[in-house]
Amino acid sequence: MNELATPPVPGIGLTARYPEIDTGPVDTAIYHEPAAYAKEMEAIFKRSWFMVGRTEQIARAGDFFTYTLPTFRQEILVCRDRDGHVNAFHNVCTHRGNVVEHRKEGHSQGLFMCRFHGWAFDLKGGLARIRDEEGFFGVDKSCNGLKRMPVGVWQGFIWVCPSDEPYQSLEDFLGEQGRDTAGYPWGACTQSYQFEVEVDCNWKLVNDSPAEVYHIPVLHPNSAAPTMMASGNIMGRLLGTEIKGHHRTNSHYSVMGEPKPVQKLAYFHAAAAQNVAVDDKGYELPKGINPTRSPWWTVDLIQFFPTIGFTLSAGMYTAHQVWPLGPNKSLYQQRVFVRPAKTAAERFGQENTMVEFRDVVMEDFSTLERIQRALDTGQIKQFHYHDHELALRHQHHVVTTILAEWDREQASAQG
């Protein structure tokens, strides 16, 4: 008999591995109080790094793209200069504050020109030309270039920090999680598709939704449940959760149930639907991906605190980015990265997978908005977390610990 025919159902005991994290109810104040949100902006978000794109978007010198950081209401200009360096600038002309580049992406021959008065800036951000310069009163070009934003690259992803002086380097920010997931074939998935939606809920609720599968049998009986809850895993349990500082990884158990006819056709051509621990190229995944090396693994949710997540499978991955817009409003962005389809059948399989991802997310969001309304009215003072909701408990622990430390810093600074 095939030993994989009767897979073991994941057990209880994830939280016990992390005794520093309590097991009691948690206070819900950080999910809705404006004062807590204001502190989060200072203590967490201004000190974090955020992913804004990939290096493939600026493959050649002069290639650029613009990107808005919704939480900070800042637009940035990212480009590659002639020395091959990736640069990020605030997309703001130093003459009168107009944007320097209106296009979302493109190629520059060497100058970005403001379409208000014609000031022009080079690929390194330097102020190269002032129209009718003799009419100004000693403007020093060397001091009036585009304002730089701290930028770094990890595994082909471009990250920026909203503060002039980063609280920590990108390498330190990514930490063990970044080291353990380096080496995944991020660059092989060069085709991407994105959608975004505003959600009337706190950013932490958006993070919480994919971070636990306890809800899947109830909320997603026709979408995710037939796969993730098959072969006896009817309560919806994870293979495991690994905590690495502020970051964490959930490994998902999955056994292919009986798909619907269209799904069956799509899954046959979509690598992401296969339960594999080694992909079709034959290389071993990095140790931080499918850390249990379970044959029943299907995806990992790799979370970089506070708001960047990647759902990784052997054949494709999805980036999840949450931008706080207020104590009870967020912008969610989902970007699915796939390998370019070689056939129409592969493309169909990819599209089906992306639609399924989208549908699950939309089922989640309507629920989250109802939860937020209950929180805002003060009806729910505490959350009670299941053992397999460890990722949620960990996020609460990290946020409250950081805010407590922030309060101590401010008290100390005030004498």
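Ordered by 1.4 Å accessible area with all protein chains kept, 371, 402, 21 run largest first as 371, 402, 21.
Ligands, DNA and RNA left out, the 1.4 Å accessible surface of the chain is 53% carbon and sulfur atoms. The 3J(HN,Hα) values that the Karplus relation (6.51, -1.76, 1.60; θ = phi - 60°) gives for region 366-376 are, in residue order, 4, 5, 4, 5, 5, 4, 4, 4, 5, 5, 5 Hz. Gly and Pro appear as x. Under the simplified labelling scheme, the residue 411-residue 194 pair shows an inter-label distance of 4.2 nm, with each label point 7 Å from Cα along Cα→Cβ. Rounded to the nearest whole Hz, the Karplus-based 3J(HN,Hα) values (6.51 cos²θ - 1.76 cosθ + 1.60, θ = phi - 60°) of region 25-35 follow the sequence x, 10, 6, 8, 4, 5, 8, 8, 6, x, 5, with x at glycine and proline.
Cross-linked pairs 204/342; 244/329; 244/381; 141/329; 104/124; 124/329: Cα-Cα separations exceed 30 Å for 204/342; 141/329; 124/329. Once backbone amide H atoms are built at 1.01 Å from N, residue 106 has 64 as its partners under 5 Å, excluding neighbours fewer than 5 places away on the same chain.
When all protein chains stay in place and ligands, DNA and RNA are ignored, the 1.4 Å accessible-area order of 32, 247, largest first, is 32, 247. With springs only between Cα atoms under 10 Å apart, run a GNM on the chain and tell me which of 170, 301, 403 wobbles the most. So, out of 170, 301, 403, the one fluctuating most is 403. Taking a ≥ b ≥ c as the square roots of the eigenvalues of the Cα gyration tensor, region 350-402 is classed as oblate, since a/c reaches at least 1.5 and a/b does not exceed b/c.
Close amide-amide hydrogen proximity is noted between residue 158 and 52, 53, 54, 55, each under 5 Å apart and 5 or more residues distant or on a separate chain (H modeled in the peptide plane; Pro and chain starts excluded). Working from Cα pairs under 8 Å separated by at least six residues, relative contact order for the chain is 20 percent. Does region 49-166 classify as rounded, prolate or oblate by the C-alpha gyration tensor (a ≥ b ≥ c root eigenvalues; a/c under 1.5 gives rounded; else a/b over b/c gives prolate, otherwise oblate)? Taking the square roots of the gyration eigenvalues as a ≥ b ≥ c, region 49-166 is prolate.
For region 386-400, the Karplus equation 6.51 cos²θ - 1.76 cosθ + 1.60, evaluated at θ = phi - 60°, returns couplings of 6, 4, 8, 9, 4, 4, 5, 5, 5, 4, 4, 4, 5, 4, 5 Hz by residue, with Gly and Pro reported as x.
In a GNM of the chain with a 10 Å cut-off on Cα contacts, which of 133, 363, 171 has the highest mean-square fluctuation? Of the options given, 133 has the highest mean-square fluctuation.
For residue 248, the amide hydrogen comes within under 5 Å of the amide hydrogens of 303, 305, counting only partners 5 or more places away or on other chains and with H modelled in the peptide plane. Taking label positions 7 Å along the Cα-Cβ direction at both residue 400 and residue 172, the computed distance is 2.7 nm, reported to one decimal.
In the elastic network of the chain, a GNM with C-alpha springs shorter than 10 Å, the most mobile of 319, 374, 29 is 374. Name the shape class, rounded, prolate or oblate, that the alpha-carbon gyration tensor gives for region 13-100, where a ≥ b ≥ c are the square roots of its eigenvalues, rounded holds for a/c under 1.5, and otherwise prolate holds if a/b is larger than b/c and oblate otherwise. It comes out oblate by the Cα gyration axes. Cys residues of the chain that find no other Cys beta carbon under 4.7 Å: 79, 143, 161, 189, 201. Taking 0.36 nm per residue of separation and subtracting the current Cα-Cα distance, fully stretching the chain between residue 343 and residue 142 would add 67.1 nm.
The values are calculated or read from the model by the stated rules, or taken from the named source; none is laboratory data. The shown structure was predicted, so the numbers you read here are calculated from the model rather than taken from an experiment. Neighbour counts are summed over all protein chains in view; Cβ atoms, including those assigned to glycine, are modelled from backbone coordinates with ideal geometry. With ligands, DNA and RNA removed, areas are computed over all heavy atoms of the protein, side chains included. Shrake-Rupley method; radii C 1.70, N 1.55, O 1.52, S 1.80 Å.
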